[in-house]
Amino acid sequence: MNEELRQQLREWIEFYRELGVEEFYVRRSVLPQESAAPAPRAEDASAAPPAASAPSDVTRGMAPSVLPTLRAAGPELRALSLFEAPPAERRAGESLEDIRRDLGDCHRCRLAEGRKNIVFGEGNPRAELVFVGEGPGADEDEQGLPFVGRAGQLLNRMIQWIGMRREDVYICNVVKCRPPGNRTPLPDEIETCSPFLFRQLEAIRPRLICCLGAPAVRTVLGVKEGITKIRGRFYDYGSAQVLATVHPAYILRNPREEKLLREDFEKIRDFLAAARQKT
Ligand code: URA
């Protein structure tokens, strides 16, 4: 491993230490024997992964912003995965309750000023499927729960359509407080809040993370591409996979595009069915 890669690795580990993650695991099966690597695994072999570019302003300083660097760096660094812990250690990490407690009555950014309730997340703490949205809207702010408005009703329908129940999955957002007027969260708000999302993902360790819309997938994967380019493909996130799809609110505004959501949910259903068969 050359010095530049070593330095990137140090920074990555340091970042996670600051988040309170102390244990790291190496997936030995893919250490140096692996040759040039196909970085994010696309379901369609011909699909181009998002560019392994430098982190954008939106993603700089956040954990997944390291992921494109890791992809660019080669298999040695990509071999490191927070999800590679053996099952016994998997239970040793912090719980969602720990993370919620740490979030407290958060005033780390300006979004606290206009919120009624923090919307931490809801669902099965051991879910195999996690949905990540952008940020709470008015209904969510009112109730303190994610995706309970019209977009949430569509999400519920889609979850049922693939044979699951809302309580089987976990649902959360990139930012935990409603941005005023439902605007897109600003880069510094995402930077401040997203470590809590990453810790939630680490605590749950799902098989699949479904990002709803561009801000969610940009944050989780640390890329800056638009949703059109990324949606419908599978990408590595440790030992989990990430699939991005269009935000349900977009479908409410553009009902003719619902087939996009259905296509992607079929992929979710098929992926989980195949994963369950393997275990
Ligand atoms: N849109 C989101 O991105 N998240 C919610 O919780 C509700 C609507």
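Results, tabulated for the structure shown:
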item	result
Ranked order, 250, 237 - accessible area, probe 1.4 Å, largest first	250, 237
Apportionment of accessible area to carbon and sulfur, the range 84-214, percent (1.4 Å)	45 percent
1.4 Å probe accessible area per residue over the range 186-279, in Å²	39 Å²
DSSP-loop trypsin sites (Lys or Arg not before Pro) across the range 161-211, with at most 15 other Cβ within 10 angstrom	165, 183
By accessible area with a 1.4 Å probe, ligands and nucleic acids excluded, highest first: order of 245, 184	184, 245
Ordering of 215-223, 269-277, 94-102 by burial proxy (mean other Cβ atoms within 10 Å per residue, highest first)	215-223, 94-102, 269-277
Cα shape, the range 181-279, gyration tensor, a/c 1.5 rule	oblate
Heavy-atom accessible area order for 247, 107, largest first, 1.4 Å probe	107, 247
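The values are calculated or read from the model by the stated rules, or taken from the named source; none is laboratory data. On a predicted model such as this, the values are computed, not experimentally measured, just so you know. All Cβ positions, glycine included, derive from the backbone under ideal geometry; neighbour counts span all protein chains shown. Just so you know, the surface numbers come from the protein's heavy atoms only, side chains and all, with ligands and any DNA or RNA stripped out. Shrake-Rupley method; radii C 1.70, N 1.55, O 1.52, S 1.80 Å.
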